[in-house]
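Asks: My questions will all concern the structure given below.
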Amino acid sequence: MPASPAGGKIGTSREEVGSSLNREVVPATLKRPSQLPLSEPASDEKVVRISDKSLSVTPPTITSRKTLPYSSQPSSPELEQTEPIRPCSTDLSLGIRLYFEFCHRQPIWCFDRADVSDIGSVTDELACSILAVTARFFGRAEALQLYEENSRRLIMARIANGAVGLPTIESLCLLSYSSFIDGNVHLGQFHLGMALQLCRSAMLDSDAGYVTGDLINERKKRVFWSLQVLDQYHGRQTGMLRIPTETWRQTCSSTKGDDRSCQGDESNVPLPLDDLGHTSPRTPGIWNTSVQLGWVWSRVRKYVSDCAHGIFREPWRRDSTYATVLSDFMEAENSIPMCHRYDSVKFYERKVEDLRTNRDYWTTWLKEQFTYHAIPTVLNHPFLYIIGAQHNPNLAIPNTFWRRSSELALIHATWIVRMVDMVLDKQVHLTDPFFGHIAAISATVHLYYCCAAAAKLKHKSNADFAKCRKFLKGFIPFSHACRALDRDLDKMTQIAAGSETNEVEDWMPSRIYLSVPLMWNILQFNCPADSLHPASIGLLNASLASTAGGHDQDETTTIEIIVATSPEINVNTADGGQDAPNLSYNRKIDVSPVSREYTYNEPSAEQADSLTFNTTPWLYADTLQFDNMVDLVYHDAQSIGSDRDRSWWDGESL
């Protein structure tokens, strides 16, 4: 088995790893999170409740983490040395259960249930890290911070003593994800970078780190690719030391023998085995295909970062970043197996209980769907090219690109709202802040179209904007990052409306004012949590924090938007927006309207899933009327009446 340069065996068995640290001298400053064990919730309903205000299913609200400052010192070093630092078995059992309910495969996949079935074999740092992620879901914010602190010190003790094992890297992965949920991006990226460096030391980034017959090879692959997923969605996009997105290109494709994706590199790390949702051994699992789309998303993030720094090139050029990212997106889409596609899995027909039982598959599938629609939404976001026209005169010339790109942005932003509706309808509990981020991005597109010339499109955009805001607010109770994102969206709404109120249900403006700094913050998820700033992230002292904090921007810097009308376009949504190739069969789609009552807990029969709506790009005008648009008012759960109680994807045209 390969050994790390520090002397720790990465391939060590769970029994050896679990007892290794217990034989070492641990720092005297490690603290016991609480003298009282965490109480086991009586049922899942006590862990997750439905918020009437947000219309989203959320865990209970956590209290402010300012109550326990990171710099607090133990009252008695002698006492702290004798007290146990490992969580009690009751706490750990609860933490593991909540991990698999709220975090497993959405997005990280460090270990399976069998890997932690023996609680006694779970190392101390991994036990603390698991509880650091999950304590937010049962209202123990004070325990969360202390578990994070203890886990970090246990990890550093491992490194100092040359005893790094695979659970140490898994612990860093969990701490990194926890920091990203809290909006502590600097600390999360530090944990991520340290974990990636340990992977390099253990040669987990090449096939040399995976010895034939090693019983934990799959577990190594899971944590390695989980770290890549975190880097795709939360890694830095600027600076000379960032990981270039091209680094991951060769291993993102699941098609063996594809020279374009392998690029001649024979030392690629294979993706972990994932047998959920398919029966063929040659078919990639849903988590693996989501990794590939995640890599394309990281390319989109880099594209937005370049635009934010004034790097604009005509997107219609074949050598532009826009064109290459779009090509990568098409290649990733083409690699999605038929068994995972929207029209094959029929998510909208699934029973609530079925989705809960197979949560490991469906939460990952939803992440893939949201990513799929987020990519073209951001890539074609009108804001990018409005700003770009100020830097590149060629971007100010109206042409076919403007028309098609604005249509694509609205199409996929509407699809995101559609997915939000189905998630709420099926009562799927989502906790990854990525979903809140994408809802906020979709909201900015719909906010833009709130000043469309057509009244029906205005009404639709207004209703969809309200849906996105409510969905985002459902993540606030357990994610400080989403709380900050919601704060910025509220500020941008106030500026756009030109008033102090955020209620825009009847708001039908002819023009709006978009805050440029706030829009960049939302597109890039540059929203540090309210209670966190560089001087108190638990990593840098004042001398370095001042340089890492960046510069404040004037949120009142705005651009004025006036949107014209466009022709009608028709979109068939039977395939979920994913044009699957025809294989050995032709599937007929019934596009006739279906009349049925809306039932919240029960699935409907096979829907005629088609969508027709109109879009409004900018920089040109058209006088065509919007005759085929129907009312798309967002209906709360309390709405009554047969027409208002039916889901809007049940066969009606928009």
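The values are calculated or read from the model by the stated rules, or taken from the named source; none is laboratory data. In this text, all values refer to a predicted model and were calculated from it rather than measured experimentally. All Cβ positions, even for glycine, are placed from backbone atoms using ideal geometry, and neighbour counts span all protein chains on display.
Asks: Do we find that residue 531 is modelled with pLDDT under 80, within 20 Å of residue 437 (Cα to Cα) and surrounded by fewer than 19 Cβ atoms within 10 Å (Cβ to Cβ) in this structure?
Replies: Criteria met by residue 531.
Asks: Check 364, 357 and return the single one that is β-branched (Val, Ile, Thr), touching a residue at least 24 places away in the same chain (Cβ under 8 Å) and on the phi < 0 side of the Ramachandran plot.
Replies: Numbers: 357 fails: touching a residue at least 24 places away in the same chain (Cβ under 8 Å).
The unique qualifying residue is 364.
Asks: Take residue 290 and decide whether it is of a type in the set (Ser, Thr, Tyr), crowded, with 23+ Cβ neighbours inside 10 Å and modelled with pLDDT of 75 or more.
Replies: So residue 290 fits the description; yes.
Asks: Among 453, 389, which is out of contact with any Cys (no Cβ under 6 Å at 6 or more places or on another chain) and not in a helix (DSSP H, G or I)?
Replies: 453
Asks: Pairs needed: first member in region 208-223, closer than 25 Å to residue 103 by Cβ; second member anywhere, modelled with pLDDT under 85 and charged (D, E, K, R); C-beta distance under 9 Å; at least 6 residues apart or different chains.
Replies: Close Cβ pairs satisfying both conditions: 216/14; 220/214.
Asks: Shifting gears a bit: Can residue 328 be described as crowded, with 17+ Cβ neighbours inside 10 Å, among the acidic types (Asp, Glu) and part of a helix (DSSP H, G or I)?
Replies: So residue 328 fits the description; yes.
Asks: While we're on this one: Of the residues 425, 360, 421, which is among the acidic types (Asp, Glu), surrounded by fewer than 22 Cβ atoms within 10 Å (Cβ to Cβ), under 19 Å from the mean Cα position of the chain (by Cα) and closer than 27 Å to residue 462 by Cβ?
Replies: Criteria check complete, one pass: 421.
Asks: Please go through region 369-418 and give me each residue that is among the hydroxyl-bearing types (Ser, Thr, Tyr) and either closer than 19 Å to residue 457 by Cβ or surrounded by fewer than 21 Cβ atoms within 10 Å (Cβ to Cβ) (or both), ordered by number. So that I can check it myself, show each step before the final result.
Replies: Our first condition is that a residue be among the hydroxyl-bearing types (Ser, Thr, Tyr); within region 369-418, this holds for 371-372, 377, 385, 400, 405-406, 414.
Passing the criteria: 377, 400, 405, 406, 414.
Asks: Would you say residue 479 is buried (at least 23 other Cβ atoms within 10 Å of the Cβ), under 22 Å from residue 181 (Cβ atoms), at pLDDT 80 or above and touching an Asp or Glu at 6+ places or on another chain (Cβ under 9 Å)?
Replies: On the way: buried (at least 23 other Cβ atoms within 10 Å of the Cβ): yes; under 22 Å from residue 181 (Cβ atoms): yes; at pLDDT 80 or above: yes; touching an Asp or Glu at 6+ places or on another chain (Cβ under 9 Å): yes.
In short, yes.
Asks: Return yes when residue 193 is outside any helix (DSSP H, G or I), of a type outside the set (Val, Ile, Thr) and under 23 Å from residue 235 (Cα atoms) and no when it is not.
Replies: no
Asks: Among the residues of region 159-179, which ones are part of a helix (DSSP H, G or I) and surrounded by fewer than 24 Cβ atoms within 10 Å (Cβ to Cβ)?
Replies: Answer for region 159-179, where residues must be part of a helix (DSSP H, G or I) and surrounded by fewer than 24 Cβ atoms within 10 Å (Cβ to Cβ): 159, 160.
Asks: I would also like to ask the following. Residue check, residue 312 against (1) under 25 Å from residue 422 (Cα atoms); (2) in contact with a Gly (Cβ under 7 Å, 6 or more places away or on another chain); (3) of a type in the set (A, V, I, L, M, F, W, C); (4) assigned to a loop (DSSP other than H, G, I, E, B), all met but one. Which one?
Replies: (1)
Asks: What are the pairs, 6+ residues apart or on separate chains, where a residue within region 425-442 that is outside the structural domain of residue 234 (by TED's automatic domain parsing) has its Cβ under 6 Å from a residue that is polar (S, T, N, Q)?
Replies: Listed pairs, sorted by first residue: 432/106; 433/479.
Asks: Quick one: in region 485-504, of everything that is assigned to a loop (DSSP other than H, G, I, E, B) and within 17 Å of residue 463 (Cα to Cα), which residue is modelled with the lowest pLDDT?
Replies: 501
Asks: Only one of (1) aliphatic (A, V, I, L, M); (2) within 21 Å of residue 134 (Cα to Cα); (3) part of a loop (DSSP other than H, G, I, E, B) is not met by residue 223, so which one is it?
Replies: (3)
Asks: Tell me which residues, restricted to region 117-137, are surrounded by fewer than 21 Cβ atoms within 10 Å (Cβ to Cβ) and part of a helix (DSSP H, G or I).
Replies: 119, 120, 121
Asks: Hey, can you tell me all the residues within region 196-207 that are assigned to a helix (DSSP H, G or I), in contact (Cβ under 8 Å) with a residue 40 or more places away in the chain and within 22 Å of residue 152 (Cα to Cα)?
Replies: Answer for region 196-207, where residues must be assigned to a helix (DSSP H, G or I), in contact (Cβ under 8 Å) with a residue 40 or more places away in the chain and within 22 Å of residue 152 (Cα to Cα): 196, 198, 201.
Asks: Then there is this: Is region 286-307 home to any residue that is in the same structural domain as residue 434 (by TED's automatic domain parsing) and not in a helix (DSSP H, G or I)?
Replies: No, region 286-307 has no match at all.
Asks: Ok, one more. When you check residue 183 against the structure, is it within 27 Å of residue 522 (Cα to Cα), within 16 Å of the chain's Cα centre (by Cα) and not in a helix (DSSP H, G or I), yes or no?
Replies: Answer is yes for this residue.
Asks: When you scan region 295-312, how many residues do you find that are more than 22 Å from the chain's Cα centre (by Cα) and surrounded by fewer than 18 Cβ atoms within 10 Å (Cβ to Cβ)? It would help to see each step written out before you state the result.
Replies: Let us first name the residues in region 295-312 that are more than 22 Å from the chain's Cα centre (by Cα), namely 309-312.
The next check asks that each one be surrounded by fewer than 18 Cβ atoms within 10 Å (Cβ to Cβ); those that pass are 309-311.
The qualifying residues number 3.
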